[in-house]
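Let me begin by presenting the structure, written as structure tokens, before commenting on it.
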Amino acid sequence: MPCGIYQITDIPASELGGVMVDAHIGNPTDVKSVLQPDGNYTVIITYPPCAETKTFDEHIAATDT
């Protein structure tokens, strides 16, 4: 199960809809997009907190089989 906060940056407006749909995979608690100064978007995906000693990437590496 994903955990923590994950960000995808530099998404063109033409791809934002698809990224937002994909971002809901894994049942996040929140998904939002933020317009960047250059006109691209950052998508911020929030899942329940990870174990204290794990970052999102460490959690994914530990659960990747």
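The values are calculated or read from the model by the stated rules, or taken from the named source; none is laboratory data. These numbers were taken from a predicted model, which means no experiment stands behind them. With ideal geometry, Cβ positions are generated from the backbone for all residues, glycine too; neighbour counts draw on all protein chains shown. Remember, those area values only see protein heavy atoms, side chains included, never the ligands or the DNA or RNA. Shrake-Rupley method; radii C 1.70, N 1.55, O 1.52, S 1.80 Å.
Axis angle, to the nearest 10 degrees, between helix 13-23 and the longest C-alpha principal axis of the chain: 20 degrees. Taken per residue, the accessible surface of the chain reaches 68 Å², heavy atoms only and a 1.4 Å probe.
Only protein heavy atoms count here; under a 1.4 Å probe, Glu15 has an accessible surface of about 100 Å². Here the chain is treated with +1 on each Lys and Arg Cβ and -1 on each Asp and Glu Cβ, and its dipole about the Cα centre works out to around 180 debye.
Compute the Rg to Rh ratio over the chain from the alpha carbon atoms, using the Kirkwood formula for Rh, and round to two decimal places. Dividing the radius of gyration by the Kirkwood radius yields 1.02. In the assembled protein chains, Ser14 presents an accessible area of approximately 110 Å² (probe radius 1.4 Å). Surface composition of the chain: carbon and sulfur atoms hold 56% of the protein heavy-atom accessible area at a 1.4 Å probe.
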